[in-house]
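As structure tokens, the structure follows; a few thoughts come after it.
The values are calculated or read from the model by the stated rules, or taken from the named source; none is laboratory data. The model shown is predicted, which means the values in this text are computed figures rather than measured ones. When we count neighbours, we look across all protein chains shown, and the Cβ atoms used for this are built from the backbone with ideal geometry, even at glycine. The accessibility values were calculated without ligands, DNA or RNA, using every heavy atom of the protein model including side chains. Shrake-Rupley method; radii C 1.70, N 1.55, O 1.52, S 1.80 Å.
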Amino acid sequence: MSKDHKRLKIEKTTPGYWKVTLNNPPINLYDPEMFAELRMLMDQIEEDKNTKVVVFDSADPDYFISHYDIVRGEVVPDMPGSAPFSEWPAFVTRLAQSRVISIAKVRGRARGHGSELALACDMRFASREKAIFAQIEVGCAVVPGGGATEWLTALAGRSRALEIIVGADDFDAITAEKYGWVNRALPDAELDGFVDNFARRIASFEKRPLELAKKLVNARAGIPSEAERWSSNQSFVTTTTWPEAQALIGEMLQNGLQQRGDFELRMGHHLGPRRGGRGLSRRGPPGEQDRTSGAA
């Protein structure tokens, strides 16, 4: 997709309720241009005195956000809002501590940084049939760098966070709900209506109590510190330079990483062991269903 293509479509449904649709074909990669637009979005949210709730969704039913753009992730484009990936922790702080309520409506795959953008939102609602979650980084010989380590430890607990991160497998929405990764897994036919009604309800309330309620919950529940998230961010950047990571990512790019096709659709499967050995698995039989984790 051209760098000039707009990654975010912003719809002001009502003065207090904005919808932000992520749209970066072919697989909705998180890339430097999307980050620049997200940072500009935060500027707009902070400047607008009427905004109360923002819903993030995707134009692609197969991908909420597929993952971080491993090829161009460190590029800083010449456009408003652009910044290096090391500024992601600061963006998350702005979103988590902003005056507005943020909601991720997840349909399709939210892996790696896609999961981390959803985790940065105040609430997450997912399609029971179509949402898939994963932190794929360890399977790619790196570690999460966008906040998953911190958010999942807080939401799911230490043991389940380890299961998610070191297993690098796909999780269905029902399991994600059980683990606290999302608020609710809803039937796909009900997801849009539920989130829209909920957002309109929030937008109908007075702004000051909404802001104070979020501030008080943040103070009581605690949110991961920017310093903790920055440390993980730098760990991720370091691991991308490891020879084993570069070799494995190169092999994955040849097998279909960052291209629309079976590898991306069934990444949890393809990151698993080869028959009779270990390492990246090859493409499975045509039509084989996505393998999802359902461990309790």
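Give me the pairs, please: first residue somewhere in segment 209-232 and in contact (Cβ under 8 Å) with a residue 60 or more places away in the chain, second residue anywhere and acidic (Asp, Glu) and in a helix (DSSP H, G or I), beta-carbon distance under 6 Å, and either six or more positions apart or on two chains.
224/150; 228/150; 229/150
Out of 248, 257, 280, report the one residue that is out of contact with any Cys (no Cβ under 7 Å at 6 or more places or on another chain), modelled with pLDDT of 95 or more and either open to solvent by 20 Å² or more (accessible area, probe 1.4 Å) or assigned to a loop (DSSP other than H, G, I, E, B) (or both). It would help to see each step written out before you state the result.
Details: 248 fails: out of contact with any Cys (no Cβ under 7 Å at 6 or more places or on another chain); 280 fails: modelled with pLDDT of 95 or more.
After ruling out the rest, the residue left standing is 257.
Using the structure shown, decide if residue 141 is closer than 28 Å to residue 237 by Cβ, hydrophobic (A, V, I, L, M, F, W, C) and open to solvent by 20 Å² or more (accessible area, probe 1.4 Å).
yes
I'd like the residue in segment 226-245 that is open to solvent by 50 Å² or more (accessible area, probe 1.4 Å) and assigned to a loop (DSSP other than H, G, I, E, B) and, out of all such residues, is nearest to residue 48 (Cα to Cα).
The qualifying residue nearest to residue 48 (Cα to Cα) is 241.
Exactly one condition in (1) closer than 21 Å to residue 249 by Cβ; (2) in a helix (DSSP H, G or I); (3) not aromatic (Phe, Trp, Tyr) is not met by residue 93; state its number.
Unmet for residue 93, out of (1) closer than 21 Å to residue 249 by Cβ; (2) in a helix (DSSP H, G or I); (3) not aromatic (Phe, Trp, Tyr): (1).
Considering only segment 38-84, state which residues are open to solvent by less than 60 Å² (accessible area, probe 1.4 Å), free of Cβ contacts under 8 Å to residues at least 60 places away in the same chain and polar (S, T, N, Q).
Hits for segment 38-84 are 51, 58, 82.
Filter segment 169-211 down to residues that are of a type in the set (Phe, Trp, Tyr) and open to solvent by 40 Å² or more (accessible area, probe 1.4 Å) and give me whichever is farthest from the chain's Cα centre (by Cα). It would help to see each step written out before you state the result.
In the first step, residues of segment 169-211 are kept if they are of a type in the set (Phe, Trp, Tyr); the result is 171, 179, 181, 194, 198, 205.
Subset that is open to solvent by 40 Å² or more (accessible area, probe 1.4 Å): 194, 198, 205.
Values: 194: 20, 198: 21, 205: 28 Å.
Out of the qualifying residues, it is 205.
Every residue in segment 61-98 that is among the charged types (D, E, K, R) and out of contact with any Leu (no Cβ under 8 Å at 6 or more places or on another chain), please. Can you show your working first?
Of the residues in segment 61-98, the ones among the charged types (D, E, K, R) are 62, 69, 72, 74, 78, 87, 94.
Of everything in segment 61-98, those that are among the charged types (D, E, K, R) and out of contact with any Leu (no Cβ under 8 Å at 6 or more places or on another chain) turn out to be 72, 74, 78, 87, 94.
Please go through (1) among the β-branched types (Val, Ile, Thr); (2) in a loop (DSSP other than H, G, I, E, B); (3) farther than 27 Å from residue 240 by Cα for residue 45 and return the number of the only condition it doesn't satisfy.
(2) is the only condition that residue 45 fails.
Name the single residue that is surrounded by the most Cβ atoms within 10 Å (Cβ to Cβ) among those in segment 157-167 being without any contact (Cβ under 8 Å) to a residue 60 or more places away in the chain and more than 16 Å from the chain's Cα centre (by Cα). Let's see the steps before the verdict.
Let us first name the residues in segment 157-167 that are without any contact (Cβ under 8 Å) to a residue 60 or more places away in the chain, namely 157-162, 164-166.
Imposing the further condition that a residue be more than 16 Å from the chain's Cα centre (by Cα) reduces the set to 157-160, 162, 166.
Working: 157: 13, 158: 10, 159: 9, 160: 18, 162: 14, 166: 13.
Ranking the qualifying residues of segment 157-167, first place goes to 160.
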